[in-house]
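Peer 1: Take this structure, written in structure tokens, and hold onto it; I'll ask about it next.
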Amino acid sequence: MKHIFDSTEFENAYHTDAPLGAFCSREGTLFQLWAPTAEQVDLRLYREGNGTPVWRTHPMAAKAQGLWAYETPENLDGVYYDYAVCVDGKTYETADPYGVACGVNGLRSMALDLSRTDPENWKKDCPPPKQPEQIIYELHIKDFSWDVSGGFDAKDRGKYTAFTKSGTTLHKEGCFPTGLDYLKRLGVTHIQILPMYDYGSVDETCPDEGYNWGYDPVNYNVPEGSYATDPYRGDVRIRELKEMIAALHANGFRVIMDVVYNHTYSLDSPLFKTAPWYFYRQNPDGTASNGSGCGNDVASERSMCARYILDSALYWVEQYHIDGFRFDLMGLLDTDLMEKLQRALDERYGVGEKLVYGEPWRAADTAARGVTLCDKNALKQIDGKIGAFCDDTRDAVKGSVMDERSVGFVNGGVMTADILKKCVAGWAGEFGVFQTPAQTITYLSCHDDWTLWDKLVYTLDPNKDFKEGNEAVLRANRLAAAIYFCCQGRLFIHAGEEFGRTKGGIKNSYCSSPEVNCLDWERAREKEELVKYYRGLIALRKRLPGLQDKTEKAKARILEAFDIAPNCAGVLVDNRGKDSELQTLLLCFNCSQEPTELLLPQGRWQVLADGENAFAWEEENCLESKTKIPPQSALLLGR
Ligand code: CA
């Protein structure tokens, strides 16, 4: 079948653009399923989303191009359903891959009039205006509100609804803002949510007992049920997610969705069961290709699979008002698909309004033939708006993610003007794999691997005290933050990095307890000074056009990079731009253990930030001729 599925004959005979899914209204209900290899398909209706026996069965009619259909004048809004698909004499029972709603744990789909799930004023909901700089904050729904100290009501903890609550404070004491108010104070512009489509690893019947990041998709077009206050009723999770997005928009954030189209939870998936193997890559011996490291790879290069991914992403934008996508293992998907998506989003919503970026790598080789995969090697050739995570700056600053002992600029490694310059340029143009900084996602840490704090503890604290750390860890954290906030590209912050988030040294916490993973709001207050340092850097970054520039001209802004002393380097940046008072930036980073003398170029240099204070730019404080940079410190100046 692999050869047949790959052939143009198959594509010509079976590709369809017919609407797929269940569509209900007062005029009636239509079910359409693409099952090109099926001998028979039965539609089975249920009164409930789980447990109850089949209420009615309807054989579906075979149509052209592999399509199966059942139409009725009844309005089946709120009725649950699944399919029995017979292929080669074997019957697969499956939810609808195009289902937009489902019962608990996603085993049955639900026919639903989606307009019923719109919160008040949903039609008027729109994202806040695009700001000159985009700063992305990566957050997991349960992590956000699980910690009791966060002051959320019990019913909202770990749920979509927690994002709709303003006014939460630490221990409900009214002093230290948590939740939504905390995010607003921080100043980030985009909230990237870890997978929030329906995934399989948490039992939705006891959601408080399970935890997972959610990189195991089951129903791509349905929100995850364990984050809903009622996972049994198919409409509740939809309405609550829409309310969450509306609240984020109303509070000034755009919302990025983390999507995992490269693999599914298992081969026991709706995609597999409706068209066995069509949606999956196979090795020559017939086994499932495993470039994802998760047991299967989705075959994005096949036309109905590409259509599926495209339809799904566009559906989330249209139905849920999503503002962009972070693609998991984008290096497993093909460039045609990624460019088609970017083009469709640009056409519908305005060029560059919806962000698309991903991981430009894969876990291992994949069995895709005849297509270019969207990995690092492809970034120079593709649509320059498609971005990717930059592991070069990440690893240069703090050391590789492969070995906890490996070090970078801030924790005992070597820094030179030459590498610093590449980092500041966002590894774009002649400096690296990106065309311009519009493609570069500049970051130090994310949900994967050690938190920044834990990595610094591993390399700088002989006692490996993850909770407390030591002064060197704290200094290195501030220095690391100052460095990446001075790099071109789009900034990306792992939630809690700004308060020294720790997972106790655990590297891969995808299924650790929520206590290991959740945002510790108590710690956010304890490390308030570090939070303030990040807040200062965020606010400063929004004022510096020289660092925000994402165009072809950005690299010419980097006037000169120079070594000041061993492990101490600086860079001069052309900061001219609209409303900018500062013509030139002098960004210096002393990664050594020694204070270093810096001879200043001519003129009066305003201190923008130093090793302790990232709000120095708020007060007039100018330096001339020379100054000293303390050990393990940044010194950011403007003239
Ligand atoms: Ca689920």
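The values are calculated or read from the model by the stated rules, or taken from the named source; none is laboratory data. Since the structure is predicted, the reported quantities are computational estimates derived from the model, not experimental observations. All Cβ positions, glycine included, derive from the backbone under ideal geometry; neighbour counts span all protein chains shown.
Peer 1: Looking at (1) of a type in the set (Phe, Trp, Tyr); (2) farther than 23 Å from residue 510 by Cβ; (3) crowded, with 24+ Cβ neighbours inside 10 Å, which is the one condition that is false for residue 232?
Peer 2: Looking at each condition in turn, residue 232 falls short on (3).
Peer 1: Going by the structure shown, is residue 401 out of contact with any Asp or Glu (no Cβ under 9 Å at 6 or more places or on another chain) and surrounded by fewer than 21 Cβ atoms within 10 Å (Cβ to Cβ)?
Peer 2: Criteria not met by residue 401.
Peer 1: Okay, moving on. Only one of (1) in a loop (DSSP other than H, G, I, E, B); (2) within 16 Å of the ligand (Cβ to nearest atom); (3) not polar (S, T, N, Q) fails for residue 188. Which number is that?
Peer 2: (2)
Peer 1: What residue, of 181, 198, is within 16 Å of the ligand (Cβ to nearest atom) and either in a helix (DSSP H, G or I) or crowded, with 20+ Cβ neighbours inside 10 Å (or both)?
Peer 2: Among 181, 198, only 198 is within 16 Å of the ligand (Cβ to nearest atom) and either in a helix (DSSP H, G or I) or crowded, with 20+ Cβ neighbours inside 10 Å (or both).
Peer 1: So which of 392, 418, 403 ends up being outside any helix (DSSP H, G or I) and among the acidic types (Asp, Glu)?
Peer 2: Details: 392 fails: outside any helix (DSSP H, G or I); 418 fails: outside any helix (DSSP H, G or I).
Residue meeting the stated conditions: 403.
Peer 1: Still on this structure, please answer the following. Among 248, 241, which is the only one that is more than 14 Å from the ligand (Cβ to nearest atom) and among the hydrophobic types (A, V, I, L, M, F, W, C)?
Peer 2: Result of the check over 248, 241: 248.
Peer 1: Kindly indicate which of 372, 393 is polar (S, T, N, Q), buried (at least 23 other Cβ atoms within 10 Å of the Cβ), touching a strand residue (DSSP E or B) at 6+ places or on another chain (Cβ under 7 Å) and modelled with pLDDT of 95 or more.
Peer 2: Within the list 372, 393, the selection yields 393.
Peer 1: Yes or no: residue 143 more than 25 Å from the chain's Cα centre (by Cα), crowded, with 19+ Cβ neighbours inside 10 Å and either outside any strand (DSSP E or B) or within 16 Å of the ligand (Cβ to nearest atom) (or both)?
Peer 2: It is false that residue 143 is more than 25 Å from the chain's Cα centre (by Cα), crowded, with 19+ Cβ neighbours inside 10 Å and either outside any strand (DSSP E or B) or within 16 Å of the ligand (Cβ to nearest atom) (or both).
Peer 1: Just to be sure, is residue 150 away from the ligand (no atom under 16 Å from the Cβ) and buried (at least 24 other Cβ atoms within 10 Å of the Cβ)?
Peer 2: Against the criterion (away from the ligand (no atom under 16 Å from the Cβ) and buried (at least 24 other Cβ atoms within 10 Å of the Cβ)), residue 150 qualifies.
Peer 1: Scan the range 421-439 residue by residue and report those that are in contact (Cβ under 8 Å) with a residue 60 or more places away in the chain and assigned to a strand (DSSP E or B).
Peer 2: Scanning the range 421-439 gives a single hit, 428.
Peer 1: Please work out if residue 220 is within 16 Å of the ligand (Cβ to nearest atom), under 20 Å from the mean Cα position of the chain (by Cα), buried (at least 21 other Cβ atoms within 10 Å of the Cβ) and assigned to a loop (DSSP other than H, G, I, E, B). If you could, list the steps in order and put the result at the bottom.
Peer 2: Numbers: within 16 Å of the ligand (Cβ to nearest atom): yes; under 20 Å from the mean Cα position of the chain (by Cα): yes; buried (at least 21 other Cβ atoms within 10 Å of the Cβ): yes; assigned to a loop (DSSP other than H, G, I, E, B): no.
When the stated conditions are applied, residue 220 does not pass them.
Peer 1: Restricting to the range 538-569, name every residue that is in contact with a Cys (Cβ under 9 Å, 6 or more places away or on another chain) and buried (at least 22 other Cβ atoms within 10 Å of the Cβ).
Peer 2: Within the range 538-569, 544, 547, 567, 568, 569 qualify.
Peer 1: For the range 335-369, name all the residues that are loosely packed, with under 15 Cβ neighbours inside 10 Å and closer than 27 Å to residue 278 by Cα.
Peer 2: Passing the criteria: 343, 364, 365, 369.
Peer 1: Hey, can you tell me all the residues within the range 442-469 that are of a type in the set (D, E, K, R) and either touching a Phe, Trp or Tyr at 6+ places or on another chain (Cβ under 8 Å) or not in a loop (DSSP other than H, G, I, E, B) (or both)?
Peer 2: 454, 455, 464
Peer 1: Of the conditions (1) touching a Pro at 6+ places or on another chain (Cβ under 9 Å); (2) within 13 Å of the ligand (Cβ to nearest atom), residue 234 satisfies every one except a single condition; which number is it?
Peer 2: (1)
Peer 1: Select from the range 3-37 the residues that are closer than 29 Å to residue 283 by Cα, of a type in the set (D, E, K, R) and more than 32 Å from the chain's Cα centre (by Cα) and list them in ascending order.
Peer 2: Listed by number, the residues that qualify are 9, 11.
Peer 1: Only one residue in 209, 204 is among the acidic types (Asp, Glu), over 26 Å from residue 116 (Cβ atoms) and within 16 Å of the ligand (Cβ to nearest atom), so which one is that?
Peer 2: 209
Peer 1: Going through 229, 287 one at a time, which residue ends up being among the polar types (S, T, N, Q) and within 16 Å of the ligand (Cβ to nearest atom)?
Peer 2: 229 is the lone residue from the list that is among the polar types (S, T, N, Q) and within 16 Å of the ligand (Cβ to nearest atom).
Peer 1: Can you give me the number of residues within the range 445-458 that are surrounded by fewer than 24 Cβ atoms within 10 Å (Cβ to Cβ) and in contact with a helix residue (DSSP H, G or I) (Cβ under 6 Å, 6 or more places away or on another chain)?
Peer 2: 0
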